[in-house]
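Remarks on the structure that follows.
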Amino acid sequence: MAVAETIYHDVLILGSGIAGLRAAVEIKRKYGEKVNVGIISKVHLMRSHSVSAEGGTAAVLYPEEGDSFALHAWDTVKGADFLADQDVVWNFVKLMPTEILLLDHWGMPWSRRPDGKIAQRPFGGHSFPRATFAADKTGFYEMQTLYNKLLEYDGWERYDEWFITNIVVEDGAFRGVYAINLREGKLYLFKAKAAIIAMGGGGRLYHFTTYAHTVTGDAYAVAWRAGIPLKDIEFVQFHPTGLIPSGILISEGARGEGGYLINNKGERFMARYAPQKMELAPRDVVSRAMMTEIMEGRGFKHEESGLEYVLLDLRHLGEEKINERLPAIREIAIRYAGVDPVEEPIPVRPVAHYTMGGIRTDTFYKVLDVEGKWIRGLFAAGEAACASLHGANRLGTNSTAECLVSGRITGLLAAEYALKVSENDVKGPEPERTKKEEDWVWGFLKRESGIPSYEIRDNTRTIMGKYFYVFRDGDGMATGLAKIKEYRKLFREKVYVEDKERIYNTDLVAALETANILDVALAVASAALNRTESRGAHYRFDYPKRDDENWLKHTIITRYAEDDVSITYEPVRITTWLPIERKY
Ligand SMILES: Cc1cc2nc3c(=O)[nH]c(=O)nc-3n(C[C@H](O)[C@H](O)[C@H](O)COP(=O)(O)OP(=O)(O)OC[C@H]3O[C@@H](n4cnc5c(N)ncnc54)[C@H](O)[C@@H]3O)c2cc1C
């Protein structure tokens, strides 16, 4: 079967989360109809995962009250355990305040202080209350505001419920994107002068995660298969407060508003681990403290799931404050754990929450190849990208913020690039590449029996949760990596898609997502095993210390052969602060 049709746009935006929408708005407000835009999303635009961001977006708004760019930059670099590139951090903190004000002008209902100014609250690892928020539904309102703004313009088109299977890079340039229109069951080729990969993170590499079921690491996998390097992909963030037993996020805003963590002795145990910041130490520190309490027998056990946990106590905040500042958290705890936080503490444990690493980019989110050269026409934004803002551990509220900043930068640069290139010069992939894509995608429907992708996916998640969680060690990770390779082989040889229809084939989508999970799992496991130190979210019992002499460097990992990877390293860009011991 031939590819049904080729679709052309000047700029393609892959993903419609905060990063993708912010990029689209930037292109439209700067260049209007001069640059035609296509936005592809595997779900309805407003179902992009960003709508679930809760707690806030970081920015320096009140220097006259004591905050500063230097303080925000320092908090970010220290939080990152010094693996952040400091030029990227400086750019970011300086661009952020404008983003908050732009959203405000475009209708964002920021929560307000009694004096009418935009309110901000404390967040982990930030030494000033700079989490700008709209109650505990910040991401939803940001998405809605960006979408409303975009509706003011013409010259863009949505492809909702189109599943991107691969992107193509040939001769050092972006050549195209393959996507299935799920409603039609047909594979299309998209050509464009430029593309922005804004396809989000990979939380669903794990069972216990805060992420939507759609967040399966597709961005990293399509880059990986196109030969694009991933950077620092071993650094996966475990947010301290995942609700037992579902993993739904209890926002750090709950601790920002004054919530305590307590163990089975009723102690506020953070006093032992971070006496100054207590519950508002960075996430890697709090997650390790919670798991230490649990491992030393001071936790609780959830009988049905077997999950061990500690408690998040909000009772002292009182009903009025909980209702005003944390209404969704109250609702989530009542609905999904049967616990009303006004009356009882909430059961929580560390949960897979964010991917610090991602597609290798330069400071301005241009995608780089193995040699560090820009892949012409290609950009990455949001959680998909790794410009090295978050290093080894992201601070809460810096992600939605990075989505805004990187969306704005990539939108602008992609549009400027597109305006310089003639449509006649846009080359698509070689015809054999398209034939290969069709064979791969529809080949899944040919096998008549075998193992469902769901089983392989579930087993992979179990391995990730067991060997690549808050605490890691060499033997465990080697076992985990071997298992991942075993599942990859099983997937290649036996995966079976029962539904043979082309139209809205969710069974096929699950198989494609499992392929993506397996590619990203291979990259995470290989990079993690290779890094013989503990830094930020990557903590190894067998190498418990940070090792700046040998490991103050970024991992660059690339696909070498089906199950083999190539790993190199590049220095961290240090412009302002040398590493010191991290204390909170
Ligand atoms: C519960 C929760 C709460 C959070 N709260 C906060 C917070 O308060 N503050 C903060 O800073 N950060 C927060 N984060 C992190 C933050 O929300 C995310 O990092 C951020 O929203 C990611 O946005 P994005 O635009 O990069 O990707 P997403 O919003 O995940 O969007 C990805 C897009 O790519 C599309 N896509 C993916 N794969 C494909 C494919 N194969 N084909 C087609 N389309 C595809 C999706 O459909 C979607 O449109 C939170 C995260 C979680 C899980």
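The values are calculated or read from the model by the stated rules, or taken from the named source; none is laboratory data. Fair warning: this is a prediction, and the values are worked out from it, not measured in the lab. Heads up, the Cβs are rebuilt from the backbone with ideal geometry, glycines too, and the neighbour counts pull from every protein chain shown. Accessible surface is based on the protein model in full, side chains and every heavy atom, while ligands, DNA and RNA are left aside. Shrake-Rupley method; radii C 1.70, N 1.55, O 1.52, S 1.80 Å.
Details
- Of all residues in segment 27-40 being in contact with a strand residue (DSSP E or B) (Cβ under 7 Å, 6 or more places away or on another chain) and not polar (S, T, N, Q), the one that is nearest to the ligand (Cβ to nearest atom): Ile40
- When Glu308 is tested against (1) within 23 Å of Ser127 (Cα to Cα); (2) open to solvent by 10 Å² or more (accessible area, probe 1.4 Å), just one condition goes unmet, and that condition is (1).
- The single condition among (1) in contact (Cβ under 8 Å) with a residue 60 or more places away in the chain; (2) surrounded by fewer than 24 Cβ atoms within 10 Å (Cβ to Cβ); (3) within 16 Å of the ligand (Cβ to nearest atom) that Val370 does not satisfy is (3).
- Filtered residue count, segment 335-373, keeping only those that are outside any loop (DSSP other than H, G, I, E, B) and farther than 24 Å from His239 by Cα: 4
- Exclusive hit being open to solvent by 10 Å² or more (accessible area, probe 1.4 Å), touching a residue at least 40 places away in the same chain (Cβ under 8 Å), of a type in the set (D, E, K, R) and out of contact with any Gly (no Cβ under 8 Å at 6 or more places or on another chain), set Lys191, Lys137: Lys137
- Verdict on Ala24 being within 14 Å of the ligand (Cβ to nearest atom) and at pLDDT 95 or above: yes
- Checking each residue in segment 493-511 for being farther than 17 Å from Asn181 by Cα, out of contact with any Lys or Arg (no Cβ under 6 Å at 6 or more places or on another chain) and open to solvent by less than 90 Å² (accessible area, probe 1.4 Å) picks out Val495, Val497.
- The criterion of being part of a helix (DSSP H, G or I) and either over 20 Å from Phe190 (Cβ atoms) or not charged (D, E, K, R) (or both) holds for Leu508.
- Here Gly125 fulfils each of the conditions (1) in a loop (DSSP other than H, G, I, E, B); (2) open to solvent by less than 10 Å² (accessible area, probe 1.4 Å); (3) within 11 Å of the ligand (Cβ to nearest atom); (4) not hydrophobic (A, V, I, L, M, F, W, C) apart from (3).
- The residues in segment 72-100 that are closer than 15 Å to Thr575 by Cα and open to solvent by 20 Å² or more (accessible area, probe 1.4 Å) can be counted, and the count is 5.
- Flag for Tyr417 being in the same structural domain as Gly155 (by TED's automatic domain parsing), touching a residue at least 12 places away in the same chain (Cβ under 8 Å) and over 21 Å from Ala58 (Cβ atoms): yes
- Boolean, Arg22 is part of a helix (DSSP H, G or I) and open to solvent by 40 Å² or more (accessible area, probe 1.4 Å): no
- So Glu267, is it without any contact (Cβ under 8 Å) to a residue 40 or more places away in the chain and open to solvent by 50 Å² or more (accessible area, probe 1.4 Å): yes
- Screening the candidates Val51, Val60, Val43 for the property of being assigned to a loop (DSSP other than H, G, I, E, B), within 9 Å of the ligand (Cβ to nearest atom) and surrounded by fewer than 24 Cβ atoms within 10 Å (Cβ to Cβ) yields one hit, Val43.
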